Structures are given as structure tokens and as C-alpha cells.
Number of protein chains: 2
Amino acid sequence: MPRIKCLLSYDGTNYAGFQFQPNQRTVQGEIEKALTTFHKGTWTRIHASGRTDAGVHARGQVFHFDTAFNVPDENWKRALNTLLPDDLHIQHAEHVSEDFHARYSAVEKEYHYFIRTGIYDVFKRNYTHHIAYPLDLGAVREACGRLLGTHDFTTFSSAKSTAKGSCVRTLHEVSFLEQGDTLEFIFRGNGFLYNMVRIIIGVLLDIGKGKFEPGIIDEMLEKKDRQIHRKTAPPQGLHLWKVSYPDNLLK
Amino acid sequence: MPRIKCLLSYDGTNYAGFQFQPNQRTVQGEIEKALTTFHKGTWTRIHASGRTDAGVHARGQVFHFDTAFNVPDENWKRALNTLLPDDLHIQHAEHVSEDFHARYSAVEKEYHYFIRTGIYDVFKRNYTHHIAYPLDLGAVREACGRLLGTHDFTTFSSAKSTAKGSCVRTLHEVSFLEQGDTLEFIFRGNGFLYNMVRIIIGVLLDIGKGKFEPGIIDEMLEKKDRQIHRKTAPPQGLHLWKVSYPDNLLK
């Protein structure tokens, strides 16, 4: 049966998150509804690279589904976008081999987190986290460097998480760009724990405020304790930017 | 009684427009509710430079109100922003003389209208008008030039308008900037009729598509007939940018 991979962007503002929940507006729910309409009532399940929480956005979420229909790539894109609400958009659709799985084949993910420090801007409120205090960017930069590489990130995962298995992840990039009064943080790694980026941002902001020294990062990594830090930066600053797959799975 | 002038920005997406309507979420309604709370239940009416329709935004709307309270400028701003929802923001508040009136004292208004011609972007859907066809920008530029100056703009006003009085207005600027795949139109003039900018954009898009020659502008101005052109560009591209007042009224 043909397998279709889709590249998806969404404005998460008006969603209760990615994952299907009954009686809630979810990204998965809207897409499965559109696919079911397209398949004349046959329910079609999608598999995404991972979930995102309520209010979190995506520029490059990836999902796949299997279909009995024989439709050219470009038509999939057009047909689905016609059926989807205007805050979801399929940027690209293509046939992939049955070895491809949006979640299990992913080798790298990239998240961006936007923080604004200037005058409050109503037009950015849903897409950035606005803070009213100045940050010591030198300290934040040093802390970013300490997060790079392979660590057990237990301390940086949600106490609500029920996931089992290893909390060891490798971060290939932890950096930020300054653009006017906006800081764009970039996190790239082989995987992320639940709420990991938002918890890291919470710690980085405390370091930027001078509440902690950058060395706190090493202590937190060492302690492997979910209860230490309970500040999770708000969802609207977080954007799932890109999911990468091995080249051989894509054609 | 002290008179306070406020500079206001708002994301119009979730409003039924500026003007108060019972049982609707309006900009005026939210601000008067906040002012009434601040005045311990005494209803306080505001007067704006003009209305905006549902979905239209403002970077620089101006309103004034009279108050029996004696509060420094900076405190007005802080107190009101605390009471207002997050899609409304007072950028500036100041005491003005009783000769100042947000509507009647205005000498110039500026609107910007944003059009996107590239790939659909979910994050811009509420703030720009996305079109899927190419535009002949040379023709659009020529048409802009024909709108400059003093004309009777009856043809460019809404057939729904019940306003009486002259439809003669002077446009001091009609231009556009190209920024990547975004066109930012700028309209600056001594006044605008109801729906005038959105109707002009509708005509400019038809000219850009090649449906009309730029000379249609002169014919339309000549005819003074509200029924000729019925295409009104959608509200979300429109932003009330700035309202200007004589210097002597401001201090």
C-alpha cells in the first residue's frame, strides 16, 4: 500500500495540542478528519514525528499515512490543503518506501524558541515569549555551551512524564541569534524528552537574570532529578522547526 | 476634567470590529470595560479616531477619554494594560488639552495593507492577504499614481455606507514596498471613506492581474458611483498605522 510522507506547518494557538483527544480540537484530529473525507469515509490514521503541546507551533512537522489510493504527490498536497483549516498547511507530500516511519526513522530534530525583550507587541504574543527584564547574554551563551553533547537530561524532562527508558540524548546545536529585540534559540539533537526545550529555556532565563550561574547546568545534569527545576517556559515561543531522516529512506 | 489621549495597537482577529456592539467582543467594549473597572464602576466612554471593521488591525489607533481621576501618564498606561486582554495594548498615554478630540482633530491617517504572493504561511494568515496569482507591478504602480491627490472617492466607498456629506478626500501617499514575497501598500491622506482602502486594493489587484488597465482609476473616479466595483479586499491585510494631529493640540 502506498505510504505518503507530509511536511506540515501549523499555528498551534487554537489547538489543544497535536495528539488526538476526543471533543478537543487537535492537529491530528483535523488531519485525520480531512483524510477520512478524502478516503470517502474510510478512517486513515497518521503517524507524526512526535507530539507538540497546546500552543506550540510547527514549521516542519512530519507525518506519514498509508493509503489504498493512487494519487500523484502534488495532488495529495492540493487535495489535503483544500480540506484542512487555514491554520494547518501541507507544504510538501511525497511517496516514500514502507521502511519510512515519521517517528522511528527520524535521526535529528530541530526546535526554535523565540523570546522578545522589547516593547510588547500584540502581533507576536502567540508566537514568542515576551519578557520584561534584561538578560546577561554572555551567561546564557556559556550555559548553552554546557548543554551541548551527550548527557542524561532527566533533570530537564517534565515531572509529569511517564515515559520509560533512557533519558540520554545528544544535542548537536544549542545557540541563539539576536535579531533586534528578538532572541531566536536553536536546539538541534537526536531526540528531545517531554518539555525538554521549554524546561531548558526556563533555566536559561534564570541564568540570564543572574539567579543562577551557568555552572548550574552541570549540577542539574549530574543530579538526574525531575523535581529540581519546575519552571517550564510558555508554549507559544516554541516552534518545531525541522525533522531529519536518512537520505536512503526518502526515495 | 483631565483628558487622556492613548495610542493603541490591537490584533483585530478575535474582534467583531472596533465599535461597541452589545453581546459582541469589540475593541471599544473591552477598553470601556477596563476603564470602568479602573473608575470603580463609573462608566467611561472613549472616542477613537475612527472605527475599524472585524479582522482589521491597528498599530497606531488613537482614542481619548475624560476622567475625574488624577493619574500620571505612565501610570495610566500601566494600569490599563494590566486590565486589558493580551490582544490590545496601550503604547502611550498622555494628558492633552480639552481642545483635543481623537476624531475631529485628526489631520492625517495612514493605513498599510499587506499582500503575500509566495507560499501560504499559516503564521501570516491573520495579518496579510494571500494571493495565488502573479501581479503586474508596473501597472499597479501606475494605478497608485492616479489615485494621488484630491478626488471625489464616491466609487471607492462601500455601497453599505449611509454616511452623508462630501466624498472628496486628498491622498498624500499611495505606494507600495516589495519585501521578499510581501507587498506593503501605504495609504496616507486627510481622511478615508468607509471601506475605501479595501475597495482600492480590490481594484489594484484586478489591475495587477491584467483585468483592467490602470486608466480604469480615472474612469472610476469620474463616475462617482458606489455600485461599479463590488470587490472589497479581505480585512486581515489592513492595518491602521498612524493618526496625525496638529502639534499645538498635543502639549
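The values are calculated or read from the model by the stated rules, or taken from the named source; none is laboratory data. This one's a predicted model, so the numbers in the text were calculated from it and none came from an experiment. Positions of Cβ are backbone-derived with ideal geometry, glycine not excepted, and every protein chain shown enters the neighbour counts. Heavy atoms of the whole protein, side chains included, go into the accessibility calculation; ligands, DNA and RNA do not. Shrake-Rupley method; radii C 1.70, N 1.55, O 1.52, S 1.80 Å.
So here's what we get for this one:
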quantity	calculated
Subset of the range A:55-66 (residues that are more than 14 Å from every other protein chain (Cβ to nearest Cβ) and open to solvent by less than 20 Å² (accessible area, probe 1.4 Å))	A:V62, A:F63, A:H64, A:F65
Positions within the range B:140-166 being open to solvent by less than 20 Å² (accessible area, probe 1.4 Å) and either at pLDDT 95 or above or among the hydrophobic types (A, V, I, L, M, F, W, C) (or both), in sequence order	B:V140, B:A143, B:C144, B:L147, B:F153, B:F156
Candidate set from the range A:30-54 (those that are crowded, with 19+ Cβ neighbours inside 10 Å and over 23 Å from A:S97 (Cβ atoms)); member that is farthest from the chain's Cα centre (by Cα)	A:A34
Tally of residues being surrounded by 15 or more Cβ atoms within 10 Å (Cβ to Cβ) and either out of contact with any Lys or Arg (no Cβ under 8 Å at 6 or more places or on another chain) or away from every other protein chain (no Cβ under 14 Å) (or both) across the range B:115-139	12
Residue list for the range B:1-51, filter: more than 14 Å from every other protein chain (Cβ to nearest Cβ) and β-branched (V, I, T)	B:I4, B:T26, B:T36, B:T37, B:T42, B:T44, B:I46
Exclusive hit being surrounded by fewer than 20 Cβ atoms within 10 Å (Cβ to Cβ) and at pLDDT 95 or above, set B:E98, B:E108	B:E108
Test: residue in the range A:82-93 that is within 20 Å of the chain's Cα centre (by Cα) and away from chain B (no Cβ under 13 Å)	yes
Residues that are open to solvent by less than 50 Å² (accessible area, probe 1.4 Å), part of a loop (DSSP other than H, G, I, E, B) and in contact with a helix residue (DSSP H, G or I) (Cβ under 7 Å, 6 or more places away or on another chain), drawn from the range A:1-29	A:D11, A:Y15, A:F18
For B:K209: the one exception among (1) touching a residue at least 60 places away in the same chain (Cβ under 8 Å); (2) under 30 Å from B:R3 (Cβ atoms); (3) in the same structural domain as B:A139 (by TED's automatic domain parsing)	(2)
Test: residue in the range A:82-94 that is among the aliphatic types (A, V, I, L, M) and open to solvent by 30 Å² or more (accessible area, probe 1.4 Å)	yes
Among the candidates B:L171, B:L177, residue that is in the same structural domain as B:G138 (by TED's automatic domain parsing), surrounded by fewer than 16 Cβ atoms within 10 Å (Cβ to Cβ) and either in a strand (DSSP E or B) or free of Cβ contacts under 8 Å to residues at least 24 places away in the same chain (or both)	B:L177
Filter pass, B:D218 being at pLDDT 95 or above and of a type in the set (D, E)	yes
Among residues of the range A:67-81, those that are under 28 Å from A:Y111 (Cβ atoms) and open to solvent by 10 Å² or more (accessible area, probe 1.4 Å), counted	3
Sole residue being assigned to a loop (DSSP other than H, G, I, E, B) and out of contact with any Cys (no Cβ under 7 Å at 6 or more places or on another chain), chosen from B:L80, B:L135	B:L135
Cross-chain or 6+ apart pairs with Cβ under 8 Å, the range A:111-122 first and of a type in the set (S, T, N, Q), then open to solvent by less than 30 Å² (accessible area, probe 1.4 Å) and in a loop (DSSP other than H, G, I, E, B)	A:T117/A:I131
